[in-house]
1. Given H placed on each backbone N at 1.01 Å, which residues far from Val383 in sequence or on other chains put an amide H within less than 5 Å of it?
2. Would you mind getting me the FRET efficiency between Asp181 and Asn336? Use the beta-carbon distance for r and R0 = 56 Å, nearest 0.05.
3. Per the Debye formula with a single identical scatterer at each Cα and no solvent contribution, what log10 I(q)/I(0) holds for segment 618-681 at q = 0.12, 0.13, 0.26 Å⁻¹?
4. Report the Stokes-Einstein translational diffusion coefficient (µm² s⁻¹, integer) for segment 128-211, Rh taken as the Kirkwood radius over Cα pairs, at 25 °C with viscosity 0.890 mPa s.
5. If R0 is 35 Å, what FRET efficiency do you get for Thr497 and Thr571 from their C-beta distance, rounded to 0.05?
6. Evaluated at 37 °C with a viscosity of 0.692 mPa s, what Stokes-Einstein diffusion coefficient in µm²/s does segment 566-679 have when Rh comes from the Kirkwood expression over alpha-carbon pairs?
7. Compute the distance in nm between two label points, each set 7 Å from the Cα along the Cα-to-Cβ direction, one at Lys662 and one at Arg625.
8. Work out the FRET efficiency for Ala653 and Ala489 from their Cβ-Cβ distance, taking R0 = 56 Å, and round it to the nearest 0.05.
Amino acid sequence: MRLRPLIVCTIALALLPLSGPAHADGPTPTPPPAATESHAPPATEPSTGPPTGQPAEPPAEPPAESPAEPPAEPPAESQPPAETETPPEEKVEEGLGVDGGTARAIVELTGPAENAPVAAQAAAESVDVVLQPQSQAFMVVKGTAEELARLAEDPRVASIRRDRTYTPTQAGSNLALIGADQAHAKGFTGAGQAVAVLDTGIDPDHPWYNGRVVAEACFSAVEPGVESLCPNGQTQQSGTGAADATTEKCLSGGVNLCDHGTHVAGIAAGSGGVAPGAGIVAVQVFSRVNDENLCGEPSCLLAYESSLLQAMDYVAGLSQPVAAVNLSLGGMLYDNECDTSEEGAVFKPKIDALLAKGTATVVAAGNEYYEGASYPACISSAVAVGANDGGDAIADFSNRGAVLDLFAPGVDIESSVPDNATTVYSGTSMATPHVAGALALMKAASPQTPMAELIDKLKTTGRPYVYDANGTQVTTPRLDLAAALAGAAPQPPISQTPVAPPETDPQPDPGDGSGPSPEPDVPADPGPEPTSSASPVPLPTVTVTVTVTASPVVKPASTVCTRGRTAKKLTAKKWAVEIHRSSGKIPDDTLTCYLKLIGKSSKVFPELTKASSLGKAYRVLKNTRTGKARLDGALLTAWLNWAHGTNGTTTLAAAEKVRLSKKPSASALKKATKKVVRSTR
């Protein structure tokens with residue numbers, strides 16, 4: 001993702017919009033079909049969308065009548081679907097619409113054939129159907145808790161869950177460090193393979209691509225305050241120009257919000273990247289959000305989960321050989337694998353289906369200096385990538401731990417950005433395309449070898465980084481193409497002692513009106529916000545360390561948004577003082593970063609209770625009028641302590657379960673609040 005004023009990471013699941021009417025050199029585009037999956041140029045994409053693979057018989061569950069002949073056996077055998085079917089109340093994710101109002105939700109269906117009839121029934125019952133992708137077994141609706149509960153009673157509905165958003169992670173010598181120069185010298189360029197970049201789109205005419213953009217598509221969700229980044233203004237588009245990141249919607253105050261994808265694609269397959277002969281499949285998956293309370297600035301980019309699901313299916317339907325899908329974005333943090341989480345259970349089959357077809361899904365681990373990885377890097381069949389610097393050390397902002405598969409260069413990486421320019425970004429967003437490009441080289445060199453074996457080869461030939469994480473010794477290899485592909489001997493292990501980013505004292509923006517009225521207090525000591533010497537591009541929220549070449553607008557250098565290391569617990573009262581503008585010791589930039597991290601890790605904030613700005617967080621901490629409000633205040637206090645550096649979220653997870661329940665009793669709320677308050681002492 002691209003660097004923003006506050007965060008430098010990899011696309012952590014909220015990406016920036018693209019703009020631009022420029023078109024790639026290539027075959028004449030084919031107009032997108034009326035069906036859901038639109039197609040790119042005929043030379044590289046199939047003439048039809050992905051097959052539905054579902055029978056056309058609507059009555060999937062025949063009525064279970066008990067014939068008179070065998071009164072006991074037949075009824076029992078004709079009824080299994082009804083007996084084993086998930087109860088309606090268990091189909092709906094906890095917390096959806098429980099505090100009133102409507103919620104945007106993904107409705108998983110039993111098969112694609114049920115899409116039209118279920119959508120028609122939902123519309124007849126006044127549920128707003130906002131997305132109905134054809135040939136896919138899900139749709140997106142907006143409804144109240146009661147409307148969603150009624151919808152769950154339909155046996156054709158498998159589950160209903162929140163349509164979450166994700167931000168982008170922030171974003172030479174890097175190629176030499178991983179031996180890519182040696183691979184190029186032996187003629188390995190990735191020709192015949194492609195890398196799919198699901199990001200903020202690209203500048204298709206950039207000289208780094210040299211006409212190698214082989215397919216483009218856009219899946220960009222909309223709702224009030226959220227705009228599509230598809231050049232045609234619709235929620236989806238395919239064909240030449242569909243992923244253009246140079247359009248007007250990608251611009252805000254003269255800054256291109258959509259530069260993250262162009263930078264990522266350049267690292268993977270640009271003329272100065274890892275696989276300079278590979279094709280590029282560019283897919284825009286972000287939407288533009290115009291909400292300063294949510295973004296911390298007038299506009300930002302977010303990727304909806306429903307857009308990611310559509311994009312994954314689009315890539316699966318291409319005829320062009322695709323070695324890897326690059327996801328430089330991320331969401332909630334996990335200590336371990338997340339296959340069985342609500343999102344993971346749906347996203348993992350998409351990753352597995354691509355892997356079976358010979359396509360790896362390579363995902364940024366995140367820039368939070370966390371011993372774990374963000375979603376979806378935490379899915380076991382994804383290739384989770386952390387960042388190292390030019391000195392062969394783990395980057396101070398990078399997540400790490402047993403969940404990661406590889407490290408790759410992610411500090412001060414120069415690559416392409418819109419308007420024929422180049423820029424230096426840092427982040428796991430930049431490390432990830434190194435691995436995606438490496439897999440294109442590997443697959444082009446050995447097209448018959450299963451992708452799982454190629455991934456294993458990168459891991460077994462990589463330089464081992466040995467370090468401690470979560471109380472145990474972990475070994476994670478650093479990408480080494482010289483050993484994997486160019487015949488060099490594997491490098492010896494190197495012991496690592498991950499060091500948190502140095503503390504700095506960021507200057508608060510005096511014009512920022514978020515939070516309570518300012519008091520004439522002078523900020524005290526520097527806050528604990530770790531900042532990297534090379535700010536990473538955020539994984540769904542973009543931040544950049546700006547070293548711009550010929551860029552029309554130079555962005556200021558950003559700090560890395562990561563957890564603090566003070567590990568000191570504060571009470572709700574003390575956090576309220578800190579958050580009250582300029583009345584505490586922790587800088588506002590650090591506090592804003594903490595709120596962003598909480599938004600990625602908590603299910604209550606901001607999905608049930610808004611606490612994304614200093615002003616909103618202050619009101620949550622001070623509100624004690626109801627049992628729910630008191631629990632919210634206790635939870636926010638505990639999450640702030642976690643962001644400040646303390647460990648342990650078990651109590652928080654249990655308390656959030658109470659808060660997310662539809663009708664929690666007063667005693668349950670009180671008990672949960674007491675437990676959380678005790679954990680903050």
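1. Thr361, Val362, Val363
2. Values: r = 36 Å, r/R0 = 0.65.
E(calc), rounded to 0.05, equals 0.95.
3. For segment 618-681 at q = 0.12, 0.13, 0.26 Å⁻¹, log10 I(q)/I(0) is -0.25, -0.30, -1.13.
4. Numbers: Rh = 18.4 Å.
The calculation lands on 133 µm²/s.
5. On the way: r = 33 Å, r/R0 = 0.94.
So the FRET efficiency works out to roughly 0.60.
6. On the way: Rh = 13.8 Å.
Here the translational diffusion coefficient equals 237 µm²/s.
7. Distance between the two pseudo-spin positions: 2.6 nm.
8. Numbers: r = 46 Å, r/R0 = 0.82.
Calculated value: 0.75.
No value in this document is a laboratory result; all are computed from the given coordinates. What you see is a predicted model, and the numbers here were worked out from it, not measured in a lab. In this analysis, Cβ positions are derived from the backbone assuming ideal geometry, glycine residues included, and neighbour counts consider all displayed protein chains.
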